[in-house]
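Only one structure is covered here, and it is reproduced in the block below.
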Amino acid sequence: MKAAETIWMDGKLVPWDEAKVHILTHSLHYGNSAFEGTRAYKGEKGLAIFRLQDHTKRLLRSAKITLIDCPYSVEALESAQIELLKANHFEGNVYIRPIIFLGYGVMGVYHKAAPVNVSIAAWEWGAYLGDEGIEKGIRVKISSFTRNSIRSTMGKAKAGANYLNSQMAKFEAIESGYEEALLLDEEGFVAEGSGECFFIVRDGVLISPPNENSLESITQATVIELAHDLGIPVERRRLTRDEVYVSDEAFFTGTAAEVTPVREIDARAIGNGGRGPITQRLQSAYFDVVYGRNPKYHHYLTTLN
Ligand code: PPE
């Protein structure tokens, strides 16, 4: 991670190295926090934040789900993110990480009296699964971890605690020589990656599982919109691992991962073993949108002026 100049903390810009919290910060111990990941791309009009409103709305919805009362409105948080990007002098694309968390002052699981803090950091961050991954595709392992159960966790919230599941799955996948994990749900159907939603292409049809067992992904929704534009039929239905093994193409979507092709799953080559043609079309359509090259989607971009 490349350090930037300042971080927004509870309304103030603080120097990067001084953006600190107390060791008894409630969220550090019990894991309840709501966070976002948003990207800003350097296009012709300078840095533009992709789907800022949607990400900020999801941030507040996540906090509501996990019973954290955020003291800032969606508008205030949007302005704060713009202010932060203006105050730092970024040269390339930026990843923005707002987090609403329970601060210092109360210990014990019951958190009603814990203070709520909000901070926003931003830094220059390249391809999440590597530049080569974006072009050639990555190798994926179906995880031995089941994706968090909807019986005991709330996957519509982008909540810190949910990511223990992702973290264990990701570590296992990498230790096993793969680049990413694909998690199945409790019934054995494909849920999502450790930090991405999942798509396959089969006989020209784009298929992605419904969001019952995955985050309501903004990138996934964008890719589906682009598929409609390109006349690619889309289905939302459950997928089993064997159907995935024999798919023609597969890819992950996420703010960080963007559109990353999957070239192999559990020792089975997917399609031609590289980036498939439909994946490539959707990937380049996605980059056109985020870099401001598709006028139809200019409304998704927030410039800093
Ligand atoms: N599922 C999970 C579990 C997830 O974390 C993400 C985003 C997605 C799906 C895709 O959501 P969206 O970004 O709205 O398309 N993961 C974020 C965190 C990655 C990290 O390592 O941190 C991200 O992509 O920013």
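List every residue whose amide H lies under 5 Å from the amide H of residue 192, counting only residues 5 or more places away in sequence or on a different chain, with H placed 1.01 Å from N in the peptide plane.
Counting only residues 5 or more places away or on other chains, the set is 183.
Near the amide H of residue 6, under 5 Å away, which other amide H atoms are found, from residues 5 or more places off or on another chain, if H is placed in the peptide plane?
16
Using a Gaussian network model on the chain with a 10 Å cutoff between Cα atoms, which of 90, 101, 199 fluctuates the most?
Residue with maximal mean-square fluctuation among 90, 101, 199: 90.
Helix-only estimate, please: 222 nm mean residue ellipticity of the chain, summing -39500 (n - 2.57) across DSSP H runs of length 4 or more and dividing by its residues, to the nearest 500. Write down the numbers at each step before the final one.
Working: 8 runs with 83 residues, N = 305.
Value at 222 nm, helices only: -8000 deg cm²/dmol.
Can you tell me the alpha carbon radius of gyration of the chain divided by the globular rule-of-thumb value 2.2 N^0.38 Å? Numbers along the way, then the final one.
Numbers: Rg = 19.3 Å, N = 305, 2.2 N^0.38 = 19.3 Å.
Here the answer is 1.00, to two decimals.
Can you compute 3J(HN,Hα) from phi for each residue in the stretch 236-241, using the Karplus curve 6.51 cos²θ - 1.76 cosθ + 1.60 with θ = phi - 60°, rounded to whole Hz and x for Gly and Pro?
Values per residue, Gly and Pro as x: 10, 7, 6, 10, 9, 5 Hz.
Relative to 2.2 N^0.38 Å, what does the C-alpha radius of gyration of the stretch 131-290 come to as a ratio? Two decimals please. Intermediate values should be presented prior to the final figure.
Working: Rg = 14.3 Å, N = 160, 2.2 N^0.38 = 15.1 Å.
Cα-based Rg divided by the globular estimate yields 0.95.
In this model, which of 57/156; 86/158; 20/42; 156/296; 20/64 are farther than 18 Å apart at the alpha-carbon? Before the final figure, lay out each step's value.
Working: 57/156 12 Å; 86/158 26 Å; 20/42 29 Å; 156/296 28 Å; 20/64 25 Å.
Those over the limit are 86/158; 20/42; 156/296; 20/64.
Using θ = phi - 60° and the Karplus relation 6.51 cos²θ - 1.76 cosθ + 1.60, list the HN-Hα couplings for the stretch 132-143 in order, rounded to whole Hz, with x at every Gly or Pro.
5, x, 4, 8, 9, x, 10, 9, 10, 10, 6, 6
Could you give each residue of the stretch 5-20 its phi-based ³J(HN,Hα) in whole Hz, using Karplus coefficients 6.51, -1.76, 1.60 with θ = phi - 60°, and x for Gly or Pro?
Calculated HN-Hα couplings, in order: 8, 9, 10, 7, 10, 6, x, 10, 8, 10, x, 3, 6, 9, 7, 10 Hz.
Dividing the convex hull volume of the alpha carbon atoms of the stretch 1-114 by its residue count, what do you get in Å³ per residue? Walk me through the numbers before you get to the answer.
Numbers: hull volume 12.1 nm³, N = 114.
Per-residue hull volume (Cα only) is 106 Å³.
Working from Cα positions, state the angle (0 to 90°, nearest 10) between the long axis of helix 277-290 and the longest principal axis of the chain.
Once rounded, one gets 30 degrees.
List the residues whose amide H sits under 5 Å from the amide H of residue 142, counting only those 5 or more places along or on another chain, with H placed 1.01 Å from N in the peptide plane.
Distant-sequence amide H within range of residue 142: 182, 266.
Using the alpha-carbon atoms, what tilt in degrees (0 to 90, nearest 10) does helix 52-65 show relative to the longest principal axis of the chain?
Result, in degrees: 70.
Can you give the FRET efficiency to the nearest 0.05 for residue 109 and residue 174, using r as the Cβ-Cβ distance and R₀ = 22 Å?
Numbers: r = 32 Å, r/R0 = 1.45.
Plugging the Cβ-Cβ distance into 1/(1 + (r/R0)^6) gives 0.10.
We did not get these values from a lab; they are worked out from the coordinates using the rules stated. The structure displayed is predicted, hence computed values, not measured ones. Glycine gets a Cβ as well: all are built from the backbone with ideal geometry, and neighbour counts include every protein chain shown.
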